[in-house]
Every structure is written in C-alpha cells, then in structure tokens.
1. Suppose we filter 993, 1004 for residues that are assigned to a strand (DSSP E or B), of a type outside the set (S, T, N, Q) and surrounded by fewer than 21 Cβ atoms within 10 Å (Cβ to Cβ); which single one remains?
2. If residue 285 meets every condition in (1) surrounded by 21 or more Cβ atoms within 10 Å (Cβ to Cβ); (2) out of contact with any Ser or Thr (no Cβ under 9 Å at 6 or more places or on another chain) apart from one, which number is that one?
3. For the stretch 1014-1024, check the following and say yes or no: at least one residue is assigned by TED's automatic domain parsing to the domain that holds residue 754, surrounded by fewer than 20 Cβ atoms within 10 Å (Cβ to Cβ) and in contact with an Asp or Glu (Cβ under 8 Å, 6 or more places away or on another chain).
4. Given the structure, is residue 885 touching a residue at least 12 places away in the same chain (Cβ under 8 Å) and more than 20 Å from residue 775 (Cβ to Cβ)?
5. Do we find a residue being over 37 Å from the mean Cα position of the chain (by Cα) and in contact (Cβ under 8 Å) with a residue 12 or more places away in the chain anywhere in the stretch 64-78?
6. Between a first residue in the stretch 34-60 that is farther than 20 Å from residue 71 by Cβ and at pLDDT below 95 and a second residue that is aromatic (Phe, Trp, Tyr) and not in a helix (DSSP H, G or I), which pairs have beta carbons less than 7 Å apart while being 6 or more apart in sequence or on different chains?
7. Being within 16 Å of residue 523 (Cα to Cα), outside the structural domain of residue 521 (by TED's automatic domain parsing), of a type in the set (S, T, N, Q) and touching a Lys or Arg at 6+ places or on another chain (Cβ under 8 Å), is that true of even one residue in the stretch 912-926?
8. Only residues in the stretch 509-522 that are free of Cβ contacts under 8 Å to residues at least 24 places away in the same chain and in the same structural domain as residue 495 (by TED's automatic domain parsing) count as the first member; pair them with residues that are surrounded by 12 or more Cβ atoms within 10 Å (Cβ to Cβ) and part of a loop (DSSP other than H, G, I, E, B), Cβ under 9 angstrom, at least 6 apart or cross-chain, and list the lot.
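The values are calculated or read from the model by the stated rules, or taken from the named source; none is laboratory data. Remember, it's a predicted structure, so these values are computed and weren't measured experimentally. Reconstructed Cβ throughout: ideal geometry from the backbone, glycine too, with neighbour counts over all protein chains shown.
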Amino acid sequence: MATKTLQDMVLAASSLHSGKIAVTFDKGITEGGPMLLYYHELVALGNELTLFLQIQCVQNTREIALYCQPDINLPVWILGILQLPAAYVPLDPDAPALLSARVMKQCGLKYCVLQMWSAHNLTLVLVQHIPTAARKEEPNADLFTLAAVPESASQGALAYILHTSGTTGLPKTVRVPHKCIVPNILHLRSLFQMTPDDVVFLASPLTFDPSVVEIFLALSSGARLLIVPTAIKRMPNRLAHVLFKKHKTTVLQVTPTLLGRFGRRVLQEEVLSAGSSLRVLALGGEACPSLALLRSWRQQGNCTHIYNIYGITEVSCWACCYHLPESLLQSTDVAESSVPLGPPLMETTVELRDEDGCVITQGEGQVFIGGMDRVCLLDDEVNVAPGTMRSTGDWVQIRDTHLYFLGRRDRLVKRHGQRLHLDTLQQVVMSLQKAILHRLSQVLPSHSVPDTLVLVPALPLSSHGKVSMGELMKIYQRQSAGSESHSALGDMETLRERLQSLWRETLGLMEDEAIQEDSNFLLSGGDSLQALRLCNDITTAVGVTSSGLLEVILDGSFSEILRHVAIATLPFPSEHSRTSHPVSMKRPADPVSSAQPKRQHTDPYSTTAAEWPLGVVVSSLKKAVRCTVVRRAGEVVEMGQSDSLRTNENSYSDSEGPIKRTRNTQKKGANDPSASSVTPPSREAGGLGLVVSWESDTGRCVDASPVLLVQRGADGSSGGTRATVFIGSHSHRMQALDLTTGGLLWERVLGDRIESSSAVSRCGRLVVVGCYDGGVYFLCVESGETQWVFETGDTVKSCPTVDPLTGLVMVGSHDGHVYALDPQVRQCVWKRHCGCGAVFSSPCLHPSLRQLYVATLGGHLLCLNPDTGAVLWTYSRKTPFFSSPSCSSGHIIIGSVDGNICCFSHTGEMVWQYVTNGPVFSSPCITPDKQRVVCGSHDGCVYCLNCTDGSLVWRYQTPSRVYSSPCVFDGSAWGKEGTLVGLASTDGTLCILDGEDGTLRASLSLLGELFSSPVVWERSLVVGCRNDFVYCVAPTGELK
C-alpha cells in the first residue's frame, strides 16, 4: 500500500487541491456567513502546530489528548498531532471531569491539546496533567509540569485512541494503528466514488470512530468537510436547512436513529427528496432500518445511493458494506424486510462461529472480525498476533450467501422454550404502519409476539446517537412497578384521587394541597421535563398509554387531563368528567417543545398604548406622522415626528390624580357581590357583522401576534399609504403581508419556530423578532433580508420593545437575561440577569421616566434603567409572570398566574390587585384616556377595571379561556363613537365589544384555536390562528 498513514493521504490531496476549500464551519446563523479553511491553510497551520508540539513535548511522545468542541480548526489540530508523529486521543468536553481523568489515566497520557475560549477568538494551549490533579503553572510557560508517565508498547504507528461506549461489553480503551484504519478510508472512497466536488458532513463526535472516516474520507479526496456546532446537530429542522439548503451536502454517514430524528416530512422533502443534493447515505452504528421504513423516508424520484455499513470499534472502523440496489428499494415484496450486512471491506476478514466457537457457513452464529493488519490493541494489550479475530456479540443468519443481522447476543432471549432475537422483532415492528399487535400476530410466531407495547414520547439517545437501551429499560420498569395498582382505579373518584396524588408528587406539593379543576400543570410551577415525568407516572398508574396525554398535560387543565385519562381507562366516564368546552390541544403535526410552551401569551408586549395619549385612537395619527406601528394590547407607536413624541411624553404630568394607597390596597375580586353583572355572550342587534377578507397559510400554528407597519408619504397624505403585516409561525417562517390584499410581500425562514411577536426599529427600516433558536433577528422591512442576528443563551419568546429616544431594542430570553441591543452598531449595549426564572414576557418602557419594567417566570418584577440596565427596584411574588407589564403615567399593571391583575406605582409599591377566577396570561391593555384597563383571564372572562382603584367597570364571559390580549381601538371607522374592544378566546371566537359597557357588538368563529392577540387598523382586524392561517377580518355594516 503506497499511502501508509492518515496524514499522508491528506498531504497527497492537498498537493493536488491546495486552492480548494478543505473545511467549512457553519454556526447555523445568518450573521457573517460560514468560516472557510483552504487546503494550503490546513497544511500550513498543521505544520505550525506540529513544530510547536515538537518544541514543547518530550521526545517520542506517542499519545496526545485532544479536548475541544467542533471548530473550523479541528482538522488542523488532528493533523498537527498526527505529524508529530503521535496518536490523538479525543476527550468528550461534555463528559464529567472524572470520566475524562479516568480515560487519561488508562491511556497513560502526558499531554493534552486544549481548546480555550477568549473574548476574541479560540486558541490552543498545550497542557501537561498532574496525576494528583494539583497543577502548578510555571511562569512564562505554556505547560504545567508533572511527573513522567511510563510509556507503553504499541502495535506499530498509532493513529488514534478511543474509549468504547460499551456496546460490545464493558467499556474499553482501543488503540488504532494507521494500518488498521487506512484500508477503510481507501475502500470506502472507492465505493462512494468520492470526488473533489463532494461535501461530507462531520456527523459523529470525535469520541465515536466513524468521525475518522468522515474527516479523512473528505480530506483525502480533495473534498470539503462540513462542521457545525453540537447544538445545531440537536436541532433537526435547522440542521437539515444547513446541510441541504445552504451547503448541498453530498455524503452523509449517520446512525439510523439520528437520521430518523429529522422526521418523515423533512426526510421526504429535503434529505431524501427527488432533487436532494445527497449522493451517498451510509447508515451504520445500529441495525439498518427495515426496507419498508427506508422506502417511507424517500420521496418518489430520489436518487441517493444508500449503504448499510457494519463494524465495531475494536476493529476500527467498518468491516462490511452493502449498497442497496434501487430495485430492492423500489420493491413492494413484503418478504424482503431486512438489509444484508454486505461483503467484507478491504483487508478485512469476517467469520461466522457457532456457540462452540466453530466457523460455520450456514445457519446462525456470532460474527467475528479481524485481518492480518486490521488489528487494534485493547486496554492493556501490548502486542497482538496478526490476524486476531474479535468477537462482536452480534448474531446473524446466512441466507443466499448474505449475512442478515438478527441481534446482539445480550438481546437474545428464550421465551416459551423458543429462541427470540429482540432486534429482529424490533425491525418487524418498525416495518408496520399501524395496528401493531394485530399485525405482528400475522407475521411472527406466537412466542415472538410481545405481551405489552409501551409508548414513549421520545427515544433516549446515547452520546454517540444510538438508542439508550438502559434508559428504555428504566421506563419499562417504572411502568411495570405500577401495574399492580391498575385494578384499583375502577371509578372516576378513585382515578381523580390518584391523578391528584401524582400531580402533587411531581410538583413537590403537600399531601393536603387542593388541586383545582382548572389548574394548569405548567402554570402551577411545572416544567416540560416534569410534564414528561407526570405523563410516564400516569401511564404507569393506569396501565394504558396514550400518545395525546403529554399534549393535554402541557396545554390543558386538571379536569381535561382527568377526562382524557378516564376516556382511555374507564368504560363509562361520569358526566362530571365532561367539560363544557373542547380540550385545548396543539395540532398533532406540531412537535412538543422541550421548552415551556409559550402558547397564547405571545402577547406580552407594551411600551403601551397608554404611554402615548394618542394610544389606540389611531385616526388622529394619520395626519401627524409618516410611519405608524400597531402591536398587540392596543399599542400604537408613531415614528418620524420627534416633537410629537415629546409632547405625548409631557402629557403624562397631571392626567391622573394622586393615588391614595390607604384606600387602594384593598383586594377586589371576580366574586365580589358588589361587582356588576356579567355580560352574557349574546349578540346585540345593531347591524354589525364580521367577515374574513383574506387569509394566509404559514404552514404551521401561529401563536405570535401580528404587527402592522403603516407607511405614508412625507406629507402624511393618505394617497401613498401602505400597510404591512409582519407575523411569524411555528413553521419557522416570518411573513410580510399586504394588509389590504393579504398578498405575500416576502417570506423568510428562520432557524426555528417563532412565537415572539415582532417590533419595528426606530428608523422604521428593520423588523425585529425573537426565535426559538435563541436568536434575535433584525430583518429588512422591504425585503426580509437578514441584517443582524444577536444570539442569546436560550429560546426567545419575549417580544422586543424599542426605546423611541435611543433606538435601543430591549428583549428578554429564556436564559434569564434582558438585553439592550443597538442595531446601528450591531452590538449589545448591556444585559441584565433578572434573578430566578426565564424572561418570557416582554419588557415595557416608560420613556419619559426612563424606567424599563421586566417580569420573569420566577415571579420577579424588576424596574431597570433602560440606558444602563441598573436595577432600580424589584418586586417578588411566588407565582410566575407570563403576562407582560403595561404602564401609564402613574401605574404599572400586570397579570399573574395566581389569578390577580396587579397594579403598582412607578416606585414599586402595590396600589391594588383584582382577583379573577383563573390564571392571567393576558397582557393588560390600557384605554386611550388612561382611566381603564382591559385584561383577559384563564376563567374565560375579560375584565374592564378602573385604573385608579381596581374596581370592576364591566366584565364579559367568553365561550373559552382568554390567553391573548384585548385590543382597545377607535370605533369611528366601524361606525361607533368612542372605543371598541377586540378580543379572542381559545376556542376560535373573535368578539367585538363596546368599550363603554362591554356589550357584545359582533362575533365570528374561526376554525382553530386562538392564542394570538388581535390588532386593528382602520377597518381591518388581523389575528393568527392555530390552524396555520393568518386572518384579516373586516366589519360588514355599521353600528347603530
């Protein structure tokens, strides 16, 4: 063999393709584009590191650890170590420190190349480890001194050393010589017909030996290696966009489990579509999926070549490879269900041995792998005889000269005296579409049919992307442990008591704590992981699984969970378990978020309408400004008239009288007998109706609230007026729509789902929106082109607010911070951690007082200086704030999960609070005269309260819960003097109420749930819906 080492192959390719791109590193964001490294740079930087190591390390150093995250320089670091020459030993940076220390000790490591983070860039520092872990840094040196470690013998020149995951037994150290891995690279390069035009994705972590194949398959062919951060690998939709939309990946080697996480839609429409760039798909590390499943993943006309590759780390890396012919993939023959392992790769020997250790050529047996030069050193082995064969623990069957995988030896069981391979059973199960138990009885012998099927919300994965069997067994054991109690749940009351007990246990509540019928799990202090635990515990307790239970726990009330479980377990649920309103559920196609679902409250926003006395009476703005922004909760912001802004700020001064706290600190409530009567949900005659004028399909649920940008000519004339709707969706799409026609002006696909409502920058040229991927996107108003992406540390569901004086954009993140961003210089001016809990709601700014109000899920309300982020005061409550604060000249008003609508002074003193009969997620909307506030509640009512003392003016009972924010608007364009109130309830009902007395004026039912807040401009009301559509609704007729 001419080429003897991995580095030789890279140097040979570089000499031919020095001007080509060798490595692309894409962070998965649009800002700045991907980082590139050319072949001549790769070699030059590798030589530079090699020289550094030769100077710093003791002569004849044979192993050097590599501790790093995915990075543009990753191949440089590997090449630099190999050229020393030494073997690189990858350490998992996400693993516990003690585990890494154990690996270093087992490998006898003396040196480690360590990736360090600084404020400006990533650098490499060489570190020497001390066995006692007590390190002393020497002055003016790059090393830490320590005692020498005895060197071990080696089987030729080593390329790398790995620590196995334990799939084939106990975890062990594997030392891999170049002569063992190089034949793999050469043969696969030939089979895959690699060219310099290929793009190979580094899918595997460095601690998993398929990464070696991915790296050197690309770099030995003059092809491009594509690397992304680990976090992007965990985001299937975003990863698919990076791989196949941005970089046109041609070669993908991956475990079947990781591939399956893309989901069938993405697999068919992007990964394995008819026009996919993917030329080669190599599936390994686990049993190959059944042919039926592979067929279901491919779109008609897909031309990707699919390979089944098989091997073990103890004979690194692959041993067999089978190219699935197109005829097999197109075949509908049910008998053809499994995929062969394929013939041995170059210089590899594969044997089949029976339980006595004898080589066999037919029947079933265990696979052994080896070869004259394909020999690795395990643990303390010093020398191994050439041709040594390693056991795999895998059992296969020979059929027509092909080897077919049956299962792991530790997955071989005897049942009813018959031998059963669990992995084979798994393949058959995955090939069936539905009615699994019934279908299994038709295709398997009776002893192979399972007794029980356990549904799990998601498959637990190991660090190498394989299914974690240990975690699955724990789930089954928990299910089995509760099976004895199933017979005791024979009636509704017993079931209710059991669910209440599990609820308390999960949330850590006292045994005598009452669970209300309308209690929501997340609002009671739970999170998504606790919801998953409760789902598993309920399944265990009742002995019945339901794929929809987790959805109900996340979205519904306790009574809805009870009803859901009762329907599944009790033959005749009692009348008491039936609810008068439909269960609030997400669409089945919408994946459950790992973060706390934002749901309805995409409303949190408010620099507030009341901040500007012009408020929601938008007709008065038309002649004064060139640009108007309309957002939820009745917020209207004018731009282009600084004098007008100053006038509006000064008008705060004496518009409200002094607050008498001795009178106002009393607590009023929805059950106060002195409260006025509830407005019945009946339609008042008057000739007004509602009709859908247009609708736009976003592809997924729309929880975000729309934002309107109304632009006019410099003279303010209406002739050149253009109104645009900006709104995001769970489909990752951000749309700009023409308000008049609903026509799509532009559409932008962001990195993840969008539940945040947007804002418009002070200059009026940028629309700003938060995203589930943790980014705050600044998009061009005219084209949607990304101008800047600022990355926070977690999901952004908070809606940005804009300081009209400085232009700073303030926004919260689930990382617990609020950020002040300057879009002109594209930098974060300040950030403030808000204590306990994520910042879900939206910041609210009082421009003239220079006070910014921020609320958290930890129950904190903070007042900050918007110029510096300094904390002015803090108010703490024991329950989360999903509602966003709204403020006027004298008040800050916010809703709380404990059912209160709370009013504070600008110095942080409680003025009053009004108790509703349910959690308040709705953000308050203050009327234009600043005398009243309108807010919705989980109890289904919309309340109009007096801002001064919190007394009830009127309330209106809707058909369902109110999560979104009401919108108070000028009714003149709708034929009414005074104000109207637009609101949405979760059952899909839109209502228009009289702002004076809460009388129903018009209503319309949409075909989907409404968590989005309506906004109004002139005669157009716009709202998002969970049936994937954005609706524009207009009045018909006029109010009399």
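1. 1004
2. Of the numbered conditions (1) surrounded by 21 or more Cβ atoms within 10 Å (Cβ to Cβ); (2) out of contact with any Ser or Thr (no Cβ under 9 Å at 6 or more places or on another chain), the odd one out for residue 285 is (2).
3. The answer is no, given that none of the residues of the stretch 1014-1024 is assigned by TED's automatic domain parsing to the domain that holds residue 754, surrounded by fewer than 20 Cβ atoms within 10 Å (Cβ to Cβ) and in contact with an Asp or Glu (Cβ under 8 Å, 6 or more places away or on another chain).
4. Answer is yes for this residue.
5. Looking for residues that are over 37 Å from the mean Cα position of the chain (by Cα) and in contact (Cβ under 8 Å) with a residue 12 or more places away in the chain, one finds none in the stretch 64-78, hence no.
6. So the pair list comes out as 57/111.
7. yes
8. Qualifying pairs under 9 Å: 509/515; 509/524; 509/525.
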